[in-house]
Amino acid sequence: MKLSHDHTAPADALARKGIAPVICYPVEGLARPDMAPFRAARAGWDKVAEVVVPAREARCWAVAAGQFFRITSIEGPQVGDLNLWAQADLRERFYSGKTRALHGTHLSTGDRMWSAFPFLRPMAVITDDSLDWYGFDAFGGAVHDVIGTRCDPYTHNLLSGGGQYHHCCHSNLTRALADWTGLSLHEAEGHVHDVLNVFMCTGFTRDTGQYFMKASPVRPGDYLEFFAEIDLVGGLSACPGGDCSAEHSSDAAACHPLLVEVFQPIAPPAGWVAPAVNGYDRSHGRP
Ligand SMILES: [Zn+2]
């Protein structure tokens with residue numbers, strides 16, 4: 001946190017601070033998908049599965065490459081913490097940090113969810129976002145971030161002086177993945193990872209750079225929709241923070257379920273090709 005400083009600014013401080021930034025990862029090399037074929041592929045699709053994620057719980061579901069899935073707010077404002085794993089290998093999981101580096105702090109239509117090293121390929125592409133009108137507000141807040149991690153009982157324990165709370169998204173996702181896979185709780189826990197914060201409205205304070213949240217603008221009927229590029233297991237927690245207007249890691253907030261639906265299109269989007277794993281040879285400079 002940049003709250004104070006111990007050192008006097010050099011004479012050219014203003015000049016140094018005045019240098020214009022450059023984008024770290026110019027994404028011109030990444031073909032941004034043409035969304036029209038994805039939109040067209042929705043015509044006549046069949047709903048093949050549906051999961052209701054209860055408040056303060058998580059559920060897993062399967063979605064095959066070439067299918068869509070949609071997360072919808074029902075009953076009341078609620079944020080969701082999303083994990084993705086490759087069905088073939090749980091080690092291939094969503095990489096929130098690299099996705100943030102490539103697409104920015106908050107995701108919307110056309111952005112992809114990338115998998116961890118050494119796979120680093122698109123797991124899913126966002127095909128529709130009913131909250132795309134929100135953009136960035138006057139506080140610097142926006143929805144669907146990849147800057148937070150997931151609420152968890154360890155940080156809660158640290159900050160609350162020893163509290164034990166069992167319905168943080170981390171624990172919800174751990175139980176859900178254990179139930180889905182048959183792994184033990186502790187084995188499953190190791191596969192839970194930093195999330196896409198679906199519907200959550202967050203940013204960084206301009207003065208101190210602190211992570212903030214505010215009441216989500218989501219209302220029942222709002223949705224975020226994805227196209228699966230590889231065979232996936234999804235995990236979604238209906239965060240105990242509810243709309244995240246005040247706190248999480250407690251049962252104080254009003255919480256609501258979330259709906260997940262999986263759709264099978266009649267035909268894959270025109271021109272879509274399932275992505276191969278990353279092309280780096282993994283020699284790391286040694287023969
Ligand atoms: Zn949470």
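The values are calculated or read from the model by the stated rules, or taken from the named source; none is laboratory data. Since the structure is predicted, the reported quantities are computational estimates derived from the model, not experimental observations. Don't worry about glycine lacking a Cβ; one is built from the backbone with ideal geometry, like all the others, and counts go over all protein chains shown.
Could you please let me know if A49 is part of a strand (DSSP E or B) and under 23 Å from S171 (Cα atoms)?
Judged against the criteria, A49 is not a match.
Taking into account only those residues within the stretch 147-185 that are without any contact (Cβ under 8 Å) to a residue 40 or more places away in the chain and small (G, A, S), which is nearest to the ligand (Cβ to nearest atom)?
So, considering only residues that are without any contact (Cβ under 8 Å) to a residue 40 or more places away in the chain and small (G, A, S), the one nearest to the ligand (Cβ to nearest atom) is S171.
Collect the residues in the stretch 52-69 that are within 16 Å of T127 (Cβ to Cβ) and assigned to a loop (DSSP other than H, G, I, E, B), keeping them in residue-number order.
Passing the criteria: A64, A65, G66, Q67.
Quick one: which of L14, L90 is in a helix (DSSP H, G or I), away from the ligand (no atom under 16 Å from the Cβ), among the hydrophobic types (A, V, I, L, M, F, W, C) and at pLDDT 90 or above?
L14 is the lone residue from the list that is in a helix (DSSP H, G or I), away from the ligand (no atom under 16 Å from the Cβ), among the hydrophobic types (A, V, I, L, M, F, W, C) and at pLDDT 90 or above.
Mind checking which residues of the stretch 222-267 are in a loop (DSSP other than H, G, I, E, B), closer than 18 Å to A49 by Cα and within 16 Å of the ligand (Cβ to nearest atom)?
Of everything in the stretch 222-267, just one residue is in a loop (DSSP other than H, G, I, E, B), closer than 18 Å to A49 by Cα and within 16 Å of the ligand (Cβ to nearest atom), namely P257.
Looking at (1) surrounded by fewer than 24 Cβ atoms within 10 Å (Cβ to Cβ); (2) within 16 Å of the chain's Cα centre (by Cα), which is the one condition that is false for G209?
Status for G209: all satisfied but (2).
Out of A15, A20, A64, which single residue is aliphatic (A, V, I, L, M) and in contact (Cβ under 8 Å) with a residue 24 or more places away in the chain?
Result: A64 is the single residue among A15, A20, A64 that is aliphatic (A, V, I, L, M) and in contact (Cβ under 8 Å) with a residue 24 or more places away in the chain.
Looking at Y154, Y165, Y134 in this structure, which one is under 30 Å from P33 (Cβ atoms) and not in a strand (DSSP E or B)?
Y134
Just give me the residues in the stretch 178-215 being among the basic types (K, R) and under 26 Å from P257 (Cβ atoms), in sequence order.
K214 - this is the single residue of the stretch 178-215 that is among the basic types (K, R) and under 26 Å from P257 (Cβ atoms).
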